[in-house]
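Written below as structure tokens is the structure these notes are about.
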Amino acid sequence: MSPDSSVPTLAHAIEIRRQNIFGEVQCAFWKEEPSLRDARFLFDPAVIREVCVVPNFISEGYFTQTVIPRELELNGRVTKRATGQAWIYAEPVGNHPLMTDLLLQRAREIAPNVPEGETSLLIVAHGTDLNENSAVAAKREAEKIRALGCYANVLNVYMEEFPLVSDWTVLTSTPNVVVVPFFISDGLHSYQDIPILIGIAEGGAASAKASAAASTSSPRRNGDEIFRRGPYKIDNRSVFYAPSIGTDSRVADIIVELASAAAQGPG
């Protein structure tokens with residue numbers, strides 16, 4: 001639905017290849033090519049004896065605990081193939097401690113020189129009833145940043161479960177509100193759905209269809225525009241809207257660390 005969805009993952013792979021740490025670096029996707037199922041055959045077992053699988057996902061949940069293991073035929077942390085090749089399953093990128101720093105940096109980049117003591121920070125995740133763990137990562141990050149005491153208010157909010165991001169006007173009372181999507185990539189959620197929910201873009205079926213069509217023809221142009229136009233003025237309050245956290249270039253470093261940690265095993 002959005003050609004930009006795979007862009008950050010591909011960019012991180014290019015950066016990791018450049019570092020020349022691993023024998024090979026490949027990507028696989030759930031709804032693009034190469035597929036997760038085809039990824040089982042990406043590496044020659046005569047050359048590559050170990051494959052570290054790092055889920056480029058924000059949280060533990062349905063995809064990391066059910067879909068990826070099923071599609072890659074993983075049966076635990078380490079899976080031995082009939083070829084002798086070992087597949088090692090790492091934690092998702094959203095579990096890495098550096099995520100807290102990335103969220104703070106993104107919030108400060110999008111709202112420079114804005115008094116944090118007069119600002120609410122909203123960390124927006126999807127939320128789903130498929131797996132109760134899917135909301136945990138955003139809640140954990142909000143708690144960690146809240147404990148730092150830099151922002152007047154720090155909330156984890158969701159598109160599809162409570163507390164809802166669409167209720168931000170009653171959940172916050174500060175003159176400034178910074179919204180950071182806790183997503184891996186910029187796609188229809190960050191370009192269209194969240195902006196509509198927080199009131200900085202028009203809603204309705206007609207505008208959604210038009211936005212989707214425009215996103216297909218020139219997705220990055222539309223996305224960059226929604227990020228650049230802030231701060232948005234709503235009820236005499238300033239709303240700052242950031243790109244998704246997974247587009248940060250340092251996610252490549254997180255992927256490397258998670259792969260290395262998984263390969264080394266416990267301890």
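The values are calculated or read from the model by the stated rules, or taken from the named source; none is laboratory data. What you see is a predicted model, and the numbers here were worked out from it, not measured in a lab. When we count neighbours, we look across all protein chains shown, and the Cβ atoms used for this are built from the backbone with ideal geometry, even at glycine. To get the accessible areas, we keep the full protein, side chains included, count just its heavy atoms, and leave off ligands, DNA and RNA. Shrake-Rupley method; radii C 1.70, N 1.55, O 1.52, S 1.80 Å.
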- Query: With respect to residue 43, is the statement that it is in contact with a strand residue (DSSP E or B) (Cβ under 9 Å, 6 or more places away or on another chain), surrounded by 13 or more Cβ atoms within 10 Å (Cβ to Cβ) and aromatic (Phe, Trp, Tyr) true?
  - Reply: yes
- Within the stretch 218-249, the residues that are open to solvent by 60 Å² or more (accessible area, probe 1.4 Å), modelled with pLDDT of 75 or more and part of a helix (DSSP H, G or I) are 225
- Message: Going by what's in this entry, would residue 115 be described as more than 16 Å from residue 247 (Cβ to Cβ) and either open to solvent by 60 Å² or more (accessible area, probe 1.4 Å) or modelled with pLDDT of 95 or more (or both)?
- Response: yes
- Query: If you go through the stretch 8-52 one residue at a time, how many are within 20 Å of residue 94 (Cβ to Cβ), of a type in the set (A, V, I, L, M) and in contact with a Pro (Cβ under 9 Å, 6 or more places away or on another chain)?
  - Reply: 1
- Task: Might you let me know whether the stretch 80-88 holds any residue that is open to solvent by less than 40 Å² (accessible area, probe 1.4 Å), of a type in the set (Val, Ile, Thr) and more than 30 Å from residue 165 (Cα to Cα)?
- Result: yes
- Note on the structure: Given the conditions (1) under 21 Å from residue 262 (Cα atoms); (2) open to solvent by 40 Å² or more (accessible area, probe 1.4 Å); (3) of a type in the set (Val, Ile, Thr), every one holds for residue 110 apart from (1)
- Message: Within the stretch 154-164, does at least one residue satisfy the condition of being crowded, with 22+ Cβ neighbours inside 10 Å, on the phi < 0 side of the Ramachandran plot and assigned to a helix (DSSP H, G or I)?
- Response: no
